[in-house]
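Working notes, beginning with the structure itself.
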Amino acid sequence: MLIAGPCGLQSRESALQIAKFVKEQGATHFRGGVYKGQNRPIVNGKPEYKGLGDEGISILQEIQSKFNLPCVCDVQSERQAELVYGLNIANMMVGARNMDNLELLRNIRAMYDLDLNFDKIILKRGPSATVNEWLGAAEHLGGARRVILCERGTVHFDRHDYTRFRLDMLGVAEVKHYHPGYQVIVDISHGSGDRNLALLLAKMSLSIADGIMVEVHPNPDTSPTDAPQIVDYETFGKIATLYKEHKDARNNHGN
Ligand code: PEP
Ligand code: MN
């Protein structure tokens with residue numbers, strides 16, 4: 001999987017433009033949060049960016065049909081999950097801060113129990129969660145047949161100007177080796193917080209994971225959220241080339 005798109009949707013026009021670009025470059029999925037929020041309610045004296053909300057979901061629907069590009073949408077409540085499901089968005093995603101929200105996990109599982117044709121749910125690892133806690137949360141959603149695990153960086157002691165979170169490749173290796181039934185992908189954007197590291201992290205991740213997720217924007221510095229970690233089109237082009245080479249090599253080796 002190569003899941004790409006903005007951190008959060010900003011408008012229909014910009015979302016469609018980014019979706020068209022990432023599809024042309026070889027993305028398998030489009031991402032774009034519609035229910036956003038920042039770590040503080042007021043950021044630099046302005047109210048936090050909350051995203052487009054429900055109207056964003058119809059934009060994702062349009063992207064799916066117009067570009068034949070399945071979309072990934074973060075959900076934070078049962079109401080949002082029902083909406084995303086009802087409007088046929090391909091993959092629901094439970095974000096890092098909700099990995100421990102058992103009520104949400106159980107509600108999503110109940111929806112899946114009624115409809116086994118659902119595409120898998122992407123479950124992010126909480127930034128402070130152990131691999132075991134992550135796997136426990138995945139079991140609440142129904143386990144490997146329903147879940148794609150996503151490593152997105154953990155809290156760490158060496159936080160400085162360059163890195164916000166620290167990608168735990170050991171955690172990815174652990175899951176791949178000891179729990180091979182799970183698909184595991186890596187979010188190379190939240191995984192460091194620094195766009196300059198994205199290409200190297202893509203290289204590293206593709207060597208063992210089942211895919212990568214990356215935030216892309218034509219003008220990253222104008223993104224209301226996560227600007228420092230979002231890659232521009234040129235860098236995304238390089239990441240997409242790496243992905244393609246990797247996929248071709250895998251196919252040539254028959255796995
Ligand atoms: C996201 O991918 O949109 C996101 C908010 O990331 P995380 O849940 O990993 O912080
Ligand atoms: Mn983001």
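Does Ala129 satisfy the criteria of being surrounded by fewer than 18 Cβ atoms within 10 Å (Cβ to Cβ) and within 16 Å of ligand 1 (Cβ to nearest atom)? The answer is no for Ala129. Checking the stated criteria, Gly26 turns out not to satisfy the condition of being at pLDDT 95 or above, in contact with a helix residue (DSSP H, G or I) (Cβ under 8 Å, 6 or more places away or on another chain) and closer than 18 Å to Val94 by Cβ. You will find that of Gln25, Gln61, Gln17, the residue that is touching a Pro at 6+ places or on another chain (Cβ under 8 Å), open to solvent by 50 Å² or more (accessible area, probe 1.4 Å) and not aliphatic (A, V, I, L, M) is Gln17 and no other. When His156 is tested against (1) within 16 Å of ligand 1 (Cβ to nearest atom); (2) in contact (Cβ under 8 Å) with a residue 12 or more places away in the chain, just one condition goes unmet, and that condition is (2). Annotation note: Cβ proximity below 9 Å between a residue of segment 3-14 that is in a helix (DSSP H, G or I) and a residue that is within 11 Å of ligand 1 (Cβ to nearest atom) (sequence gap 6+ or interchain) occurs for Ser14/Pro6.
Going through Asp115, Asp100 one at a time, which residue ends up being open to solvent by less than 50 Å² (accessible area, probe 1.4 Å), among the acidic types (Asp, Glu) and either within 16 Å of ligand 2 (Cβ to nearest atom) or more than 25 Å from Lys23 (Cβ to Cβ) (or both)?
On the way: Asp100 fails: open to solvent by less than 50 Å² (accessible area, probe 1.4 Å).
The unique qualifying residue is Asp115.
Consider segment 207-227 and keep the residues that are open to solvent by less than 10 Å² (accessible area, probe 1.4 Å) and under 17 Å from Val22 (Cβ atoms). The one that is farthest from ligand 2 (Cβ to nearest atom) is Gly211.
Working only within segment 116-131, note down all residues that are part of a loop (DSSP other than H, G, I, E, B) and either hydrophobic (A, V, I, L, M, F, W, C) or more than 19 Å from Ser77 (Cα to Cα) (or both). Full working, then the answer.
The initial filter retains those residues of segment 116-131 that are part of a loop (DSSP other than H, G, I, E, B), namely 116-120, 125-130.
Hits for segment 116-131 are Leu116, Asn117, Phe118, Pro127, Ser128, Ala129, Thr130.
Scanning segment 174-200 for residues that are away from ligand 2 (no atom under 16 Å from the Cβ) and surrounded by 15 or more Cβ atoms within 10 Å (Cβ to Cβ) yields Glu174, Val175, Lys176, His179, Tyr182, Gln183, Val184, Leu199. Figure legend. Inter-residue proximity from segment 212-232: first residues part of a loop (DSSP other than H, G, I, E, B), second residues at pLDDT 95 or above and near ligand 1 (Cβ under 10 Å from one of its atoms), beta-carbon distance below 6 Å, spacing 6+ or different chains. Indicated pairs: His217/Pro6; Ser223/Cys7; Thr225/Cys7; Thr225/Gly8; Asp226/Cys7; Ile230/Glu215. Assess whether Arg159 counts as being more than 27 Å from Ile108 (Cβ to Cβ), outside any helix (DSSP H, G or I), away from ligand 2 (no atom under 15 Å from the Cβ) and basic (Lys, Arg). Yes: the conditions hold for Arg159.
Among the residues of segment 132-153, which ones are part of a helix (DSSP H, G or I) and surrounded by fewer than 18 Cβ atoms within 10 Å (Cβ to Cβ)? Please lay out each step first, then the result.
Going residue by residue through segment 132-153, those that are part of a helix (DSSP H, G or I) are 132-140.
Result: Asn132, Glu133, Gly136, Glu139.
With respect to the stated conditions, Asn68 is modelled with pLDDT of 95 or more, open to solvent by 10 Å² or more (accessible area, probe 1.4 Å), away from ligand 2 (no atom under 16 Å from the Cβ) and more than 22 Å from Ile108 (Cα to Cα).
Would you mind stating whether Gly171 is at positive phi and in contact with a strand residue (DSSP E or B) (Cβ under 7 Å, 6 or more places away or on another chain)? Against the criterion (at positive phi and in contact with a strand residue (DSSP E or B) (Cβ under 7 Å, 6 or more places away or on another chain)), Gly171 does not qualify. The set of residues from segment 177-197 being in contact with a strand residue (DSSP E or B) (Cβ under 6 Å, 6 or more places away or on another chain) and either among the polar types (S, T, N, Q) or away from ligand 1 (no atom under 14 Å from the Cβ) (or both) comprises Tyr182, Gln183, Val184, Ser189, Arg195.
The values are calculated or read from the model by the stated rules, or taken from the named source; none is laboratory data. What you see is a predicted model, and the numbers here were worked out from it, not measured in a lab. Every residue, glycine as well, gets a Cβ built from its backbone with ideal geometry; the counts of neighbours run over all protein chains shown. Protein only, heavy atoms only, side chains kept; ligands, DNA and RNA dropped before computing areas. Shrake-Rupley method; radii C 1.70, N 1.55, O 1.52, S 1.80 Å.
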